[in-house]
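To start, the structure itself, in structure tokens.
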Amino acid sequence: MSGTAEVNPITVDVYLDITVENISTLKDLTVKFDNYDEDLHYVKEVTDNSVKVDGIIPGIYSVTVSGTAIDTENNEYYINGNSVNAALFKHGSALNIEVQGLKVSPLIFKEIYYCGSRPEKGGVYFETSSMRYTITLLTFCIWTVFISQI
């Protein structure tokens with residue numbers, strides 16, 4: 001067919017700017033390329049601050065980076081970053097992605113109940129004025145502990 005060119009896979013260099021300081025280890029860090037229009041998906045593991053991904057069909061991609069990092073004080077962070085609608089058409093294209101982290105906290109709220117809220121099975125929890133004072137004081141203590149954990 002004249003006037004058409006063959007589409008060849010390209011190589012994309014992904015550079016990560018990880019904002020978490022003093023990282024000692026990266027665990028399960030992956031970069032994922034998603035082209036939803038063409039239903040193309042590529043996943044590659046990352047072991048350093050950059051990775052070269054081969055075999056990408058040119059197109060518009062959403063690129064997502066996610067994983068876990070551990071710093072020198074043995075704190076664990078969930079890290080992620082993305083680039084939406086990245087136009088990847090040239091061989092050797094480069095992407096710079098800022099990756100941010102969230103410290104894994106030992107404090108987890110599984111369920112929070114408040115007087116007057118409805119349980120799943122119906123009814124209501126009973127509330128009195130003395131309970132209201134106790135709940136307010138308890139809420140203050142919980143938030144104080146929660147904020148000090150961050």
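A short reminder: the numbers here are calculations on the coordinates, not readings from a lab. On a predicted model such as this, the values are computed, not experimentally measured, just so you know. Cβ sites come from the backbone with ideal geometry, for glycine too, and all protein chains shown count toward neighbours.
Key figures for this structure:
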item: At R0 = 41 Å, FRET efficiency that the Cβ-Cβ distance of N80 and T4 yields, to 0.05; result: 0.55
item: Taking E73, E38 and counting other C-beta atoms within 10 Å, the order from fewest to most; result: E73, E38
item: Lysine pairs with alpha-carbon atoms under 20 Å apart, the stretch 1-114, spacing 8 or more or separate chains; result: 9
item: Pair V43, T25: separation of 7 Å Cα→Cβ label points (nm); result: 2.2
item: Computed lengthening from V104 to D71, 0.36 nm per intervening residue step minus Cα-Cα distance; result: 10.7 nm
